[in-house]
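Student: Below is one structure. I have some questions about it.
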Amino acid sequence: MRAGGGDPRASSSGRTLRFTPVRFVLAAGLLAIAIAATAILLQREPRRAGTNLTSDAGFAIALGSGQRLCEPGELLPGDTAALRLSALTNGLPGPRLNASISSPTGLVSSGTLAAGWRAGTVSIPVSRVANTVSGATVCLSNLGSSRVAFAGSVPDSGFFVQLAGKPLSGRLRIEYMRPGRESWLQLLPTLAHRFSLAKSDLVRHWAAGAALALMLLALVLAARTLLKDEPHAREDPGR
Amino acid sequence: MSGVRRLLCRVPRAAWLCALVALANGLAWSLIVPPFQVPDENAHYAYVQQVAERGTVPRQISPEGPLSPREDQMLAALLTFGVVGHRNNPAPDTQVQQRIIDRLARQNLSALGSGDALTATANPPLYYAMQAIPYRLTPGGKVLDKLEAMRCLSALIGALTVLLVFMFLRELLPDTRWAWPAGALVVAFQPMFAFMSGGVNNDDLLYLMSAGVLWAIARAFHRGLTPANGALIGGLLGVGLISKLTLLGFIPAVALALAMLARRAWATDRRAASRGIALAAGLSLGPIVVYLLINHFVWSRTAIPGGVGGTPAATGRTFSRAEELSHIWQLFLPRLWMRPQFSYDPLWETWFKGLVGRFGWVDYDFPGWVYQVARALGLIVCALAVAELVRRRDTLSRRLGELAVYALALGGLCVAIGVESYRSFVTNQGVFEQARYLLPLLCLYAAIVALAVRFGGRRWGPAIGATLVVLAIGHDLFAQAITISRYYA
């Protein structure tokens, strides 16, 4: 058997590379890592466009039947197509919920979640918002007959929501979701863009590529070190 | 100078390669982890800023004083404390947030703060003095540029640590050269170590100096206590003590090592042994004594806040020596009959799971199954290492003293951590301990790996080594993947 990845002169001179245990382990191990990485990269799931950085301190904001809650001051990330919230319904099927997002210039997006959803993480689909909107107001309306409690932080210093027309110190935790389900592979350009934000100007535009190149370099150097120091069984067999 | 060059030339090429691996990995981590998401990085940055901008060390200000407007506002623009501790909150991910950061960076805010560097204030200054060099060399006044330059120096320190780990293994197991790179590479890919190497934290210099002290001890056991070897032990310990006082935990081990080495050398070369001891003692104590004097008389600050002994309890608890001993014991060992000090099992939750990986400000980790797999693998590696020790019991019996020194280094470090943990527990009921505090023992971690590799002999040992390195690579890449998912997905 001719092993790849070794001395390129081996094939041209007709010499076969010995498939030593170290070479076998390195080849099999790195292949296993590559397969695992590929499997992870191909996993398709709903992906986040962003969050409002509010902690989930329990189901602290209750929205009664027919009530409306508005949360101003949101930074709505581009590519948002759903709002993900944590909600509790006291064992009942969830009521119909309406979400609307407006900016100072008018309505940006809206959508409705049909009744019958189960407590836990819920996503309210909204029409896709292509670009980031700052200073957005997110409103939720309970269009059903049962009460629902949302996760968020109450009180939350500096933040107020309007609940049934009255101010309440607190904030809903909202995760803004991208459209559909995407694999990590599909998300890579977005990840590379996010990777370039909030970093030093010296590195931020090439940080993602550099991190990848550095890890590849580390792997190559590690493999080379192990192969270089491999004792030759033929020269000195056994213990 | 030629002596240093000769010394460097004697370092095997494989050691440099292992160090390069660690450098590449540390630099990759420095790019992956967002600014100020390494534990206390804001405080360590503030210390460096104080040293670089004012030429002085920080002072404790009560109540805690503000950092410089330049740093404080950058921390706010990065939403740092909305991200720290909230594993579901990503790093800033919109162009709008980037524009806020850019706008702030263009403002020429003051780089002078109150003089307080939060949790880093009481630390010795060596690491920060070193970091002041990249801070000053980075053109402009941008916080993030300076932080990245400082992170590069940390990665370099991490690379040198791996180099010393390699050299330690070379002295420890001189006839098993194929075990050295395996042990050093497993350390180079240890994700907690690499994560710390990619950030600004004085622990990085502590790891380097700890590896240096253990290497110097192993070297002296292997080659004898010469004046040069004594100076090496003392010098590295002395420099280490002014990097972080946690290294005080190594003093009993160093003392025991010197006593045994002196006893061994006394019969053959009494003069060289005496000079070795004198140099070790002088060089280890000199820097710390000078530091304490300057600290007290020039900088007017305490080296250890609250003093060395009992500490005032701010939470209605009283300081008790018996309880302190029980606390230290339970922090690392099974509780036995003692009054419970922890509501969880620190050995598993803090140390094992933490060393396998708990990143950021201890706010995200691996899925639960990873720790179970790591436990199984860890037990196998330890079993192989123990089997190797049993197999070589004749050699081991001749080196029991050296083994006792390493065991004492482990014990001493645990006591140093335990004392700090109890002080924190009494004063503010806070959880002090984090797995990274055990990383000064990286040499021993590598030694376990190298012993396991050696168990396989020349035939299978290298394959065992390669297997462990591949597992470490997978572990490290998985840790980077969860980090990317944590901050950017």
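The values are calculated or read from the model by the stated rules, or taken from the named source; none is laboratory data. Quantities reported herein were computed from a predicted structural model and do not represent experimental measurements. In this analysis, Cβ positions are derived from the backbone assuming ideal geometry, glycine residues included, and neighbour counts consider all displayed protein chains.
Student: Of all residues in segment A:206-216, which are surrounded by 19 or more Cβ atoms within 10 Å (Cβ to Cβ) and either farther than 27 Å from B:PRO139 by Cα or over 20 Å from the mean Cα position of the chain (by Cα) (or both)? First the steps, then the outcome.
Tutor: Kept after step one, since they are surrounded by 19 or more Cβ atoms within 10 Å (Cβ to Cβ), are these residues of segment A:206-216: A:207-208, A:211, A:214-215.
Matches in segment A:206-216: A:LEU214, A:MET215.
Student: Let me ask something additional. If the requirement is being on the phi > 0 side of the Ramachandran plot and out of contact with any Asp or Glu (no Cβ under 6 Å at 6 or more places or on another chain), which of these qualifies: A:GLY144, A:GLY165?
Tutor: On the way: A:GLY144 fails: on the phi > 0 side of the Ramachandran plot.
From the options A:GLY144, A:GLY165, the qualifying one is A:GLY165.
Student: Then there is this: Residues of segment A:169-179 being of a type outside the set (Lys, Arg) and either buried (at least 19 other Cβ atoms within 10 Å of the Cβ) or at pLDDT 95 or above (or both), which ones?
Tutor: Passing the criteria: A:GLY170, A:LEU172, A:ILE174, A:GLU175, A:TYR176, A:MET177, A:PRO179.
Student: Another question about this same structure. Going by the structure shown, is A:LEU219 within 10 Å of another protein chain (Cβ to nearest Cβ), surrounded by 14 or more Cβ atoms within 10 Å (Cβ to Cβ), over 30 Å from B:GLY199 (Cα atoms) and in contact (Cβ under 8 Å) with a residue 60 or more places away in the chain?
Tutor: Numbers: within 10 Å of another protein chain (Cβ to nearest Cβ): yes; surrounded by 14 or more Cβ atoms within 10 Å (Cβ to Cβ): yes; over 30 Å from B:GLY199 (Cα atoms): no; in contact (Cβ under 8 Å) with a residue 60 or more places away in the chain: yes.
Against the criterion (within 10 Å of another protein chain (Cβ to nearest Cβ), surrounded by 14 or more Cβ atoms within 10 Å (Cβ to Cβ), over 30 Å from B:GLY199 (Cα atoms) and in contact (Cβ under 8 Å) with a residue 60 or more places away in the chain), A:LEU219 does not qualify.
Student: Hey, does segment A:138-146 have a residue that's at pLDDT 95 or above and either within 12 Å of another protein chain (Cβ to nearest Cβ) or closer than 20 Å to B:ASN89 by Cβ (or both)?
Tutor: Yes, segment A:138-146 contains at least one residue that is at pLDDT 95 or above and either within 12 Å of another protein chain (Cβ to nearest Cβ) or closer than 20 Å to B:ASN89 by Cβ (or both).
Student: Go through segment A:177-223 residue by residue and tally those that are out of contact with any helix residue (DSSP H, G or I) (no Cβ under 7 Å at 6 or more places or on another chain) and part of a helix (DSSP H, G or I).
Tutor: Pass one, segment A:177-223, residues out of contact with any helix residue (DSSP H, G or I) (no Cβ under 7 Å at 6 or more places or on another chain): A:177-182, A:186-190, A:193, A:204-206, A:209, A:212-213, A:216, A:220.
Next, from what is left, pick out any that are part of a helix (DSSP H, G or I): A:186-190, A:193, A:209, A:212-213, A:216, A:220.
Total meeting the criteria: 11.
Student: Please pick out the residue among B:LEU471, B:LEU389 that is more than 14 Å from chain A (Cβ to nearest Cβ) and either outside any helix (DSSP H, G or I) or surrounded by fewer than 22 Cβ atoms within 10 Å (Cβ to Cβ) (or both). I'd like the intermediate steps shown before the answer.
Tutor: Values: B:LEU471 fails: more than 14 Å from chain A (Cβ to nearest Cβ).
It is B:LEU389.
Student: Of the conditions (1) within 18 Å of B:ASP40 (Cβ to Cβ); (2) away from every other protein chain (no Cβ under 12 Å); (3) surrounded by 21 or more Cβ atoms within 10 Å (Cβ to Cβ), B:MET150 clears all except one; give me its number.
Tutor: (2)
Student: In this structure, is B:ALA91 over 25 Å from B:LYS244 (Cα atoms), surrounded by 15 or more Cβ atoms within 10 Å (Cβ to Cβ) and within 13 Å of chain A (Cβ to nearest Cβ)?
Tutor: In short, yes.
Student: Tell me which residues, restricted to segment B:81-106, are more than 16 Å from A:ARG194 (Cα to Cα) and either of a type in the set (Asp, Glu) or not in a loop (DSSP other than H, G, I, E, B) (or both).
Tutor: Result: B:PHE81, B:GLY82, B:ARG103, B:LEU104, B:ALA105, B:ARG106.
Student: Quick check on this structure: which one of B:ALA52, B:ALA76, B:ALA46, B:ALA132 is in a helix (DSSP H, G or I), among the aliphatic types (A, V, I, L, M) and within 30 Å of A:SER153 (Cα to Cα)? Let's see the steps before the verdict.
Tutor: Numbers: B:ALA52 fails: within 30 Å of A:SER153 (Cα to Cα); B:ALA46 fails: within 30 Å of A:SER153 (Cα to Cα); B:ALA132 fails: within 30 Å of A:SER153 (Cα to Cα).
Within the list B:ALA52, B:ALA76, B:ALA46, B:ALA132, the selection yields B:ALA76.
Student: Follow-up question, since we're still on this one. What number of residues within segment B:430-468 are of a type in the set (Ser, Thr, Tyr) and within 8 Å of chain A (Cβ to nearest Cβ)? Spell out how you get there, then give the answer.
Tutor: Step one: filter segment B:430-468 for residues of a type in the set (Ser, Thr, Tyr), giving B:437, B:445, B:467.
Adding the requirement that they be within 8 Å of chain A (Cβ to nearest Cβ) leaves B:467.
Summing the residues that are of a type in the set (Ser, Thr, Tyr) and within 8 Å of chain A (Cβ to nearest Cβ) in segment B:430-468 gives 1.
Student: Under 7 Å by Cβ, and 6 or more places apart or on different chains, what pairs join a residue from segment B:170-190 that is away from chain A (no Cβ under 12 Å) and free of Cβ contacts under 8 Å to residues at least 60 places away in the same chain with one that is surrounded by fewer than 24 Cβ atoms within 10 Å (Cβ to Cβ) and part of a helix (DSSP H, G or I)?
Tutor: B:GLU171/B:ARG219; B:GLU171/B:HIS222; B:PRO174/B:HIS222
Student: Kindly list the number of the only condition in (1) among the basic types (Lys, Arg); (2) crowded, with 21+ Cβ neighbours inside 10 Å; (3) in contact (Cβ under 8 Å) with a residue 12 or more places away in the chain that fails for A:ARG147.
Tutor: Failed condition: (2).
Student: Please work out which residue is nearest to the other protein chains (Cβ to nearest Cβ), limiting yourself to segment B:42-61 and to residues that are crowded, with 24+ Cβ neighbours inside 10 Å and out of contact with any Ser or Thr (no Cβ under 9 Å at 6 or more places or on another chain).
Tutor: Here is the first cut: in segment B:42-61, the ones crowded, with 24+ Cβ neighbours inside 10 Å are B:42, B:44-50, B:58.
With out of contact with any Ser or Thr (no Cβ under 9 Å at 6 or more places or on another chain) added as a condition, the list becomes B:45, B:48.
On the way: B:TYR45: 13, B:VAL48: 15 Å.
Across segment B:42-61, the extreme among qualifying residues is B:TYR45.
Student: Moving on. Can you name the condition, by its number, that B:ILE101 falls short on among (1) within 10 Å of another protein chain (Cβ to nearest Cβ); (2) aliphatic (A, V, I, L, M); (3) in contact with a Gly (Cβ under 7 Å, 6 or more places away or on another chain)?
Tutor: Going through (1) within 10 Å of another protein chain (Cβ to nearest Cβ); (2) aliphatic (A, V, I, L, M); (3) in contact with a Gly (Cβ under 7 Å, 6 or more places away or on another chain) one by one, B:ILE101 breaks only (3).
Student: Just one of the numbered conditions (1) surrounded by 17 or more Cβ atoms within 10 Å (Cβ to Cβ); (2) within 23 Å of the chain's Cα centre (by Cα); (3) under 30 Å from B:GLY456 (Cα atoms) is not true of B:TRP348; which one?
Tutor: Of (1) surrounded by 17 or more Cβ atoms within 10 Å (Cβ to Cβ); (2) within 23 Å of the chain's Cα centre (by Cα); (3) under 30 Å from B:GLY456 (Cα atoms), only one is false for B:TRP348: (1).
Student: Then there's this: Tell me, yes or no, whether segment B:276-299 has at least one residue that is more than 18 Å from B:GLU402 (Cβ to Cβ) and in a loop (DSSP other than H, G, I, E, B).
Tutor: yes
Student: Another one. Kindly provide the set of residues from segment A:19-59 that are more than 10 Å from chain B (Cβ to nearest Cβ), aromatic (Phe, Trp, Tyr) and free of Cβ contacts under 8 Å to residues at least 40 places away in the same chain, ordered by number.
Tutor: Hit for segment A:19-59 is A:PHE19, nothing else.
Student: Report, by residue number, each residue of segment A:174-205 that is more than 20 Å from the chain's Cα centre (by Cα), at the interface with another protein chain (Cβ under 9 Å from one of its Cβ atoms) and not aliphatic (A, V, I, L, M).
Tutor: Just the residues of segment A:174-205 that are more than 20 Å from the chain's Cα centre (by Cα), to begin with: A:200-203, A:205.
Going one step further and asking which of them are at the interface with another protein chain (Cβ under 9 Å from one of its Cβ atoms), we end up with A:200-203.
Residues satisfying the conditions are A:SER200, A:ASP201.
Student: Could you please find all residues in segment B:167-195 being of a type outside the set (A, V, I, L, M) and in contact with a strand residue (DSSP E or B) (Cβ under 9 Å, 6 or more places away or on another chain)? Write out each step before concluding.
Tutor: From segment B:167-195, those of a type outside the set (A, V, I, L, M) are B:168, B:170-171, B:174-178, B:180-181, B:183, B:189-191, B:193, B:195; that's our starting set.
Matches in segment B:167-195: B:PRO191, B:PHE195.
Student: Based on this model, can you work out whether B:LEU75 counts as under 30 Å from A:GLY50 (Cα atoms) and within 14 Å of chain A (Cβ to nearest Cβ)? Quick ask: steps written out before the conclusion?
Tutor: Details: under 30 Å from A:GLY50 (Cα atoms): yes; within 14 Å of chain A (Cβ to nearest Cβ): yes.
Yes; evaluated as a whole, the condition is true for this residue.
Student: Restricting the search to segment B:453-479, which residues are in contact (Cβ under 8 Å) with a residue 12 or more places away in the chain and more than 22 Å from B:ALA376 (Cα to Cα)?
Tutor: B:ARG458
Student: Conditions first: (1) over 18 Å from B:ALA479 (Cβ atoms); (2) among the acidic types (Asp, Glu); (3) at pLDDT 95 or above. B:ASP365 passes all but one, so which condition is the exception?
Tutor: So B:ASP365 meets the others, but not (1).
Student: Quick check on my filter: what residues within segment B:474-489 are among the hydrophobic types (A, V, I, L, M, F, W, C) and surrounded by fewer than 23 Cβ atoms within 10 Å (Cβ to Cβ)? Let's see the steps before the verdict.
Tutor: Filtering segment B:474-489 for residues among the hydrophobic types (A, V, I, L, M, F, W, C) gives B:477-479, B:481-482, B:484, B:489.
Once the filter is applied, which keeps residues that are among the hydrophobic types (A, V, I, L, M, F, W, C) and surrounded by fewer than 23 Cβ atoms within 10 Å (Cβ to Cβ), segment B:474-489 yields B:LEU477, B:PHE478, B:ALA481, B:ILE482, B:ILE484, B:ALA489.
Student: So for segment A:134-145 (the condition being of a type in the set (Val, Ile, Thr), under 30 Å from A:LEU42 (Cα atoms) and within 23 Å of the chain's Cα centre (by Cα)), does at least one residue qualify?
Tutor: No: segment A:134-145 contains no residue that is of a type in the set (Val, Ile, Thr), under 30 Å from A:LEU42 (Cα atoms) and within 23 Å of the chain's Cα centre (by Cα).
Student: Please verify whether segment A:183-201 includes one or more residues that are surrounded by fewer than 19 Cβ atoms within 10 Å (Cβ to Cβ) and of a type in the set (Asp, Glu).
Tutor: For segment A:183-201, residues surrounded by fewer than 19 Cβ atoms within 10 Å (Cβ to Cβ) and of a type in the set (Asp, Glu): present.
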